[in-house]
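*Asks:* Just passing along the structure, written as C-alpha cells.
The values are calculated or read from the model by the stated rules, or taken from the named source; none is laboratory data. In this text the structure is predicted, and so the values were computed from the model without any measurement. Cβ coordinates were reconstructed from backbone atoms using ideal geometry, including for glycine residues, and neighbour counts include every protein chain displayed.
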Amino acid sequence: MMIRTRHGALAVAVALLGTVTATACGGTAGPQAAPASKRDSGPSAPAGSAPGPKGFTLVASGDVLPHTAIIQQAQADAGGSGYDFHQMLAGVKPVVSTADLAICHMETVYGAKGGPFSGYPTFKSPPEVARALKDTGYDSCSTASNHTLDDGADGVRRTLDAMDAVGVRHAGSARTAAEAGKPALLKAGGATVAQLAYTYDTNGFPQPEGQPWAVNVIEPDRIIADARAARQAGADVVLVSLHWGTEWRDEPDEMQLSVAKKLTAARTGGRSDIDLILGTHAHIPQAYEKVNGTWVVYGMGDQVAGPMFTYDDHQDARGNMGSIARFTFAPPDRAGQRWTVRKAEFIPQLMDLGPPSRVVTLNDALRRAPGRSDYVRARDHIRMMVLSRGGAAEGLTMVP
C-alpha cells in the first residue's frame, strides 16, 4: 500500500488568540491543579544544601501517525473486534513508564468510537489510541500538527475528550476559548512543568468559524509571551513542542534554525524563558543541539507510522526510524533560578513493520536478535543524525 506524507509550506503563520492552555497553552487565567508526580526518583538538591525539590527525568517521543495499515494492525491485535494499540507500543513501555514525565506527539485526530476511520491524506484515528498511550506511560501529548483540523472542530473535540477520559493531558489544541486561556501544568519530581505546543500550518484548513483558538500556530513572539505567562503561573520548567521543518530533510531547515535561535535567546531577569524544545513533523530522525544553552530536538522522527513513501513514491525506511529523548533535570541551588539538564540521552527506536507492526527500542532488540542487519543500519543512522550537530560534545549520549 502506498502512503505518502503531506508537505506543507514553511512560512510561519499568524499567532492565535489565547495563551498558555490546558491544551493550547497561553494566557493569564488561573492555573489548573498540577497532578501529583507519578514517580519520585529524580536527583535531589545539591549535597550539603537544605532539603529542596527533587529532580526529574523527562522522556519524549515522535509522531504517532496511524496510517491505514496501522489501523488494520490494531484491529487484528484486538481480535477483529475494536482496536488495540497496546501490543504495538509494548516495546517502548519500559522506557516510557519509568520516566517521571513522559510526553508524546499525537499527530492525528480521533473519529467517533466504531468509526469510520481513515489514514492519509485526512486522518481520523480510532480513539482507542488514547488508552494505549496512557497505559504505555505517557502523561501528556502535544496535539498541534498539520493534521489537527483534518476533521474540523469535531475532530479536535473528540480527540481531547478521549484523552481526558483516560487521563492523558494535552497541549496545542482546544475546545473552548476558556480552555485555551488556562495553563496546563504537570508535576514531575519536585517541579511544576508547563508544556506548550504549536504547529507550522494546518494543511490549508482554516480555524473553525468563531474558534481562532482551536489550534496554536507557530509565531515566535507569541510563544515567548506564552512561556513567560506559564512561568508566572508557577512553571519551574517550560517545554515547547513544535511541529515544524521539512519532511524527509535530514538537516533542520532555515525556519527551524531561526525559530530555535530566537526562542532559546529569550530571557526574563537573566533566566531563560524556555527550557527545552521538542520537535516533530519531519518523519525522520534529526539532530539534538544545544542552542544558547538550551537543548533543541529538531525532530524525533515517527514513533508509530505505516510504510512511508517519499514524494517520488519510493518507500523510505527512514520514515519508520525515530529517537526517544531522555533529559534528567536537576533543581537549582536557589529558588527562582533555572532548572538544568544534568543528563541528556537518546534511545534509538524503530517501527518494525513486521508483520506484525511493532515499535522496538533498537539496542534492546539487538540484544535479543544480534543478527538483524536492518536493526543495525537503523540504529547507526539514527545515532549519526541525532549527533550530527555537535550534541556529543555537549554531553549527549546514546542509551546502550
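*Asks:* For the stretch 295-309, give me each residue that is part of a strand (DSSP E or B) and at negative phi.
*Replies:* W295, V296, V297, M300, D302, Q303, V304, F309
*Asks:* Moving on. Here is a list: G301, G306, G234, G210. Which entry is free of Cβ contacts under 8 Å to residues at least 40 places away in the same chain and either among the aliphatic types (A, V, I, L, M) or out of contact with any Asp or Glu (no Cβ under 6 Å at 6 or more places or on another chain) (or both)?
*Replies:* G210
*Asks:* Please list, ordered by first then second residue, the pairs with beta carbon atoms under 9 Å, 6 or more apart or interchain, first in the stretch 351-362 and over 14 Å from Q75 (Cα atoms), second crowded, with 21+ Cβ neighbours inside 10 Å and of a type in the set (D, E, K, R).
*Replies:* Matching pairs, first to second residue: M351/D302; L362/R379.
*Asks:* Next question. How many residues, within the stretch 247-294, are out of contact with any strand residue (DSSP E or B) (no Cβ under 9 Å at 6 or more places or on another chain) and assigned to a loop (DSSP other than H, G, I, E, B)?
*Replies:* Qualifying residue count, the stretch 247-294: 7.
*Asks:* Ok, one more. Return yes when R334 is at pLDDT below 95, out of contact with any Lys or Arg (no Cβ under 9 Å at 6 or more places or on another chain) and among the basic types (K, R) and no when it is not.
*Replies:* Answer is yes for this residue.
*Asks:* Hey, another quick one. Let me confirm something: among S142, S97, S173, which residue is free of Cβ contacts under 8 Å to residues at least 60 places away in the same chain, of a type in the set (S, T, Y) and out of contact with any Asp or Glu (no Cβ under 8 Å at 6 or more places or on another chain)?
*Replies:* Only one candidate passes the filter, namely S97.
Residue-wise test of (1) among the hydrophobic types (A, V, I, L, M, F, W, C); (2) over 22 Å from A180 (Cα atoms); (3) more than 17 Å from the chain's Cα centre (by Cα); (4) surrounded by fewer than 24 Cβ atoms within 10 Å (Cβ to Cβ).
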{"residue": "A99", "(1), (2), (3), (4)": "yes, yes, no, no"}
{"residue": "E107", "(1), (2), (3), (4)": "no, no, no, no"}
{"residue": "S118", "(1), (2), (3), (4)": "no, yes, yes, yes"}
{"residue": "P121", "(1), (2), (3), (4)": "no, yes, yes, yes"}
{"residue": "D139", "(1), (2), (3), (4)": "no, no, no, no"}
{"residue": "S142", "(1), (2), (3), (4)": "no, no, no, no"}
{"residue": "G152", "(1), (2), (3), (4)": "no, no, yes, yes"}
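*Asks:* Also, I was wondering about something else. Return a yes/no flag: does the stretch 242-261 have any residue that is under 19 Å from the mean Cα position of the chain (by Cα) and aromatic (F, W, Y).
*Replies:* Yes - at least one qualifying residue is present in the stretch 242-261.
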